[in-house]
There are 2 protein chains.
Amino acid sequence: MKRVPGPQRKRWQENFSEWFDWVLERAEVYDYGRYPVKGMGVWMPYGFQIRKRALDLIRNLLDSRGHEEVLFPLLIPDWMLAKESEHIRGFEDEVYWVTHGGLEPLDVKLALRPTSETPITYYESLWIQSYKQLPRRFYQVVSVFRYETKATRPMIRLREVTSFKEAHTVHETFEDAEKQVLEAIDIYKKFFDSLYIPYLVSKRPDWDKFAGALYTIAFDAIMPDGRTLQIGTVHNLGQNFTKAFGFRIQRSDETFDYPWQTSYGVSDRAVATIIATHGDDLGLVLPSTVAPYQVVIVPIQPSDKGKLYTVLDYARQVLEAAKGAGLRALLDDRSDLTPGEKYYLWDAKGVPIRIEIGLREASSKTVTLVRRVDLSKRVVKLEDLVNELQKTLHDLDNILYERAWRFLRERVLRTSSVEEAKKALDERGGVVELPWCGLEDCALKAAEQLNAKALGTPWPFEPAEGKCPVCGRPAVTYMRYARQY
Amino acid sequence: MKRVPGPQRKRWQENFSEWFDWVLERAEVYDYGRYPVKGMGVWMPYGFQIRKRALDLIRNLLDSRGHEEVLFPLLIPDWMLAKESEHIRGFEDEVYWVTHGGLEPLDVKLALRPTSETPITYYESLWIQSYKQLPRRFYQVVSVFRYETKATRPMIRLREVTSFKEAHTVHETFEDAEKQVLEAIDIYKKFFDSLYIPYLVSKRPDWDKFAGALYTIAFDAIMPDGRTLQIGTVHNLGQNFTKAFGFRIQRSDETFDYPWQTSYGVSDRAVATIIATHGDDLGLVLPSTVAPYQVVIVPIQPSDKGKLYTVLDYARQVLEAAKGAGLRALLDDRSDLTPGEKYYLWDAKGVPIRIEIGLREASSKTVTLVRRVDLSKRVVKLEDLVNELQKTLHDLDNILYERAWRFLRERVLRTSSVEEAKKALDERGGVVELPWCGLEDCALKAAEQLNAKALGTPWPFEPAEGKCPVCGRPAVTYMRYARQY
C-alpha cells in the first residue's frame, strides 16, 4: 500500500488540551463543560460505543482469569469508610456526602463511593470463612466520585468517574497476594496492548501510594504534550483492610488469621488515552478493537443521476460482504451530505477504513479503500475485499502500535545529570530517570529542581550504577520524574 | 419425556416473602439485609450473571429499534430537578441530597437521580434544533435512588435501584410520540415474553401517573402470593419537560415549537419477577434465556475408584459437546461434594438441565438428563445429545411460559359485584376488573371497599357494559384493582 505523509499532528501536539476538548465534541464522544455541575459530563452515543468496547476487552480479560463481576452499593456510611485509618485520611477531603433523604436529615452521613475497598471487605468478611474458599477475585464497573479541587478535565480529572473498573481480591497468604499483583499487572498490560496504548510501569513512591496499601504499582502513559497520565494502578493492600474489619479466616494450617488483599483499577482515562495516543489534527484515529464502525462506505453520486441506483446497489453489496465477514460496517447513504462532508465527518470520528464507491467502482467491481491513519488510497477487487479489509485493519493497528511506542520511547531519558533531565522535561516532557539512593528527601528535592513529580521506580526493579545526584550516596535504583496530569 | 409431579410450590405460594428472601440467599443471587444502609444490597456473582443476561435482552431489543445507549450524570442540581413543577412535587420527598464535598458545604444541593428526565431534556435542548434530527431515542442503564419510606424489599422496593433501564425519546409531533408509546409497549412485551413473564397492561389512573406525564401505561405481574408488582412503565410526557426547559425546535412546516417526549423504564424488578414467577420450593427455576449455566454435568464416582477417570473423561467429552453447540455448560467435578449435594445446590440455583454421568453412562455412551422444572429423567444417547439438549431447553421454556400465564389468568376476575371481587382478592389475590363510570371518586371508593388499589384501565381500551357498582351510572370501561407491592 502506497505511503503518503498523512494528516498533521500539529494541533494535537502543540495545543493538546484544546485539541482534546475539540475532538470530544467534534466526534460526539463526550459532552463536557456544559453541565451545570463541574467535573461531570455525558457519554454520547458514539463515545458510549467506544467506551463499551474498551470495557468489554477488560471484562473478557478478567472473566478469563477467574474474576467474578458483582455490584456493590454506591453509598457508604461514614463509619464504614473510616474503618481503615490511612484510607479515610487519604479520601476525607474529597468525598461527596449525602446528608438528607427527602426533607429529613439522615442519622448517618453517606459517602458516594470514592472506591469500594470498605464495603467489599465488609461483605467478604460475611462470605468467606476458610482458605478453601480462596482465592476470590471480584470486580465491578461503576461510577466513583471525588470532589476534586484541582482543575477538572473531561475524562481525565472528573468528579464523576463513570467507568471505574475496580477489582478486589482475597488470598490466604502474602505470597498469594503478591502473585495476584503480578497477574493484575499482566492483565493490564494485555488490556493496554489491545488498545495499542504504550505505558511505563512504576512502583509508586511510598509517599504516593494508595491510601491503605502496602505499595502501589502504576501504569503511566505519555500524552501528546509530554505530560504523563496515570492510567491504571495495582495495590497490594496487605492485611490493612481485613484487620480493620476484623475479617479472619481459617488457614490451611488450621490457625486463624487475617487474609491478604489486592485491588486494582482502570477508568475513563483508558478511553481518554486511546483518543490522545492515536489522534491527529483531523480528529480521532481508532484502533479496530474499539471502533464502533471499522469500515464506512461512502457512495459517490454519478454525474448521470439515473445511475445512482447502480452505485447504491453495489454499495449495499459491499456492505453485506463486509458485515458477512464479521466487520462492523456502515453505509452512509444520506442524501443531504456530499461525499466530501462525509469524509470529513468520518475522519473526525476515526473510522479506520473508508470505502469510496462511485460508478467506476460499480462497473469494474472494485472498491477504493482509504486508510484513516495516513489517508493512503488503494483500489481493491470486490473478490479480494474481505481479505484486504482484514489485512488493512491489522496493518493499521500495527502502525498505531509502532507509532505510539516510538513516541513514548523518544520521551524517556535515563541520565545522571539533573540539568540534562530538566532540559529534556522542558523541551519535550515525558519521563526522566535519575539514579536514586532510596531516600524520600532526595527524590523530593530532585522533583522540585525538575519542577516535576516523582513517579516512582521502574517495575520490575532495576539496580542502578552511579550516585544519587542529590546527596552523592550510591544509587540503589532509578527514580522517574514527570510533569503529570 | 416422562411427566412426574415435580417439586412442590407450597412455601413459594404460602410464604412468598420468606421464600423470596431465602432463595436470593440460597442461590447466591443478591445479598440483602446485611448492609448497614437500608434498601441497598449486593449483586453476587451468580445473580449478576442473571441480571446481565436480562439486561442484554432489553439492550438488544432497544438497539435493534433505533435506540442509542448513553450515560448521563448521577447528580442533578436542585434547580434542574425542580424545573418541571409536577415532577419535583412527585419526587421531592424521596430524593437523596448531596450537600457536602469533603468538609465544605456545596453552593447548590445535588440530588441523586431518581430518574433522568431533567438532565436528559437539558442536553436534548443543546443537541437538537430541527425536526430533521428527530426522532431521537436514548437509553441508559443506571442506579437510581429513592428515599423510600415504605418497607423496603430486596429487588422489589429498594433505595438504590441498581438496574434501572430508562429510555427517553424526542419527537416532532404528538402523533409521533403516541406511536413511540406503542413501540415501547411492544418492546416491553417482547422483553417480558423472552423472560416468560406474564403481565397485564393497564393505563394507570390519572391520579397515579408518573409525575410530569400526560399519561402512564404500566405492566403489572402477579406475584405467587397474589399481590401485583409494577414491572415496567411507559409515559407520554407531552411537552411538559420541553416547555419547562424552553426546548424548541424548527418543525417541518418551518414554525418553531416544543417537541414531544416519551420515557419508559424497567428495573431490578424484572429479575425479581423472573425469580418469583418461575421458582418452586427447591429454589430458582431459570428460563434458558437468562440462566448463567443452561446445563450442569455431575459425574458420579463409581464404586470401583480406579474407574473414576473413565467417568471424568467421558464427562469432559459431554461438556465439550454441549459447549460446542453454543450452550452454557459447566462440569461440576469438585471432589469435596457428593453428587446429592451438587444436585441440591444446582437445583436451588435453577439450572434448567442436569446431566448425570456414572460408569453406566460412560460405558453405554449415554447420559441421563434431568429437567429442573419437574425433575423428570431421561436417558439419551451421546450422538443425540445436542439435539436433545436444545429440544429440552425449548420444552422447558414452554412449560414455564404456559404455567406462568395459567397462574396469571386464574387470578384475573371480571365481575360486576364488589362483594365477589373482594372475595376473590381475599382468597387468592390477583386482579379484579369492575365496570367503571370514569369518575375518580368511584374508583377510590371501590378501592377502599376492596382494601386494594386502582391499577388502571385495560390497555388497549375496552368498552364495558353495565353500570358502575359504586354510583350506578353507565360504565365506560373497567377499572382494575389489586393489592400491590
Using beta carbons and a limit of 8 Å, which pairs, at least six apart or on different chains, have the first residue in the stretch A:250-277 and in contact (Cβ under 8 Å) with a residue 60 or more places away in the chain and over 23 Å from residue A:129 (Cα atoms) and the second one open to solvent by 10 Å² or more (accessible area, probe 1.4 Å) and among the basic types (Lys, Arg)? A:268/A:51; A:271/A:51
Hey, can you tell me all the residues within the stretch B:98-120 that are of a type in the set (Ser, Thr, Tyr) and either open to solvent by 10 Å² or more (accessible area, probe 1.4 Å) or at the interface with chain A (Cβ under 9 Å from one of its Cβ atoms) (or both)? B:99
I'd like to know if the stretch A:303-314 contains one or more residues that are of a type outside the set (A, V, I, L, M, F, W, C) and under 30 Å from residue A:24 (Cα atoms). no
Across the stretch B:315-340, what is the total count of residues that are among the charged types (D, E, K, R) and under 31 Å from the mean Cα position of the chain (by Cα)? 3
Reported set for the stretch A:421-440 where residues are without any contact (Cβ under 8 Å) to a residue 12 or more places away in the chain and either closer than 14 Å to residue A:476 by Cβ or over 28 Å from the mean Cα position of the chain (by Cα) (or both) is A:423
Segments classed as strands (runs of 3 or more DSSP E), wholly inside the stretch B:127-216, with at least 3 members that are of a type in the set (A, V, I, L, M): B:136-145, B:160-171
Subset tally (residues that are more than 7 Å from chain A (Cβ to nearest Cβ) and either open to solvent by 50 Å² or more (accessible area, probe 1.4 Å) or of a type in the set (D, E, K, R) (or both)) for the stretch B:29-53: 6
Would you confirm whether any residue within the stretch B:84-91 is more than 29 Å from the chain's Cα centre (by Cα) and at the interface with another protein chain (Cβ under 10 Å from one of its Cβ atoms)? no
With respect to residue B:109, is the statement that it is in the same structural domain as residue B:234 (by TED's automatic domain parsing), of a type in the set (Lys, Arg), closer than 19 Å to residue B:244 by Cα and outside any helix (DSSP H, G or I) true? no
Determine which member of the set B:161, B:95, B:144 is at the interface with chain A (Cβ under 8 Å from one of its Cβ atoms), crowded, with 20+ Cβ neighbours inside 10 Å and of a type outside the set (Lys, Arg). B:95
Among the residues of the stretch A:54-74, write down those that are of a type in the set (A, V, I, L, M, F, W, C) and either closer than 18 Å to residue A:169 by Cβ or within 10 Å of chain B (Cβ to nearest Cβ) (or both). A:58, A:61, A:62, A:70, A:71, A:72, A:74
Of the conditions (1) in contact with a Phe, Trp or Tyr (Cβ under 9 Å, 6 or more places away or on another chain); (2) part of a strand (DSSP E or B); (3) at the interface with chain A (Cβ under 10 Å from one of its Cβ atoms), residue B:123 fails just one. Which one is it? (2)
Identify the single condition in (1) crowded, with 19+ Cβ neighbours inside 10 Å; (2) within 12 Å of another protein chain (Cβ to nearest Cβ) that residue B:149 does not satisfy, given that it satisfies every other one. (1)
So, restricting to helices (runs of 4 or more DSSP H) that lie completely within the stretch B:368-468, which ones have at least 2 residues that are small (Gly, Ala, Ser) and under 28 Å from residue B:192 (Cβ atoms)? B:418-428, B:440-450
Checking B:296, B:271 in turn, the sole residue that is within 14 Å of chain A (Cβ to nearest Cβ), open to solvent by less than 10 Å² (accessible area, probe 1.4 Å) and modelled with pLDDT of 95 or more turns out to be B:271
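The values are calculated or read from the model by the stated rules, or taken from the named source; none is laboratory data. Computed from a prediction, not measured in an experiment: that's the story for all the values here. Cβ sites come from the backbone with ideal geometry, for glycine too, and all protein chains shown count toward neighbours. All accessible areas refer to the heavy atoms of the entire protein, side chains included, with ligands and DNA or RNA removed. Shrake-Rupley method; radii C 1.70, N 1.55, O 1.52, S 1.80 Å.
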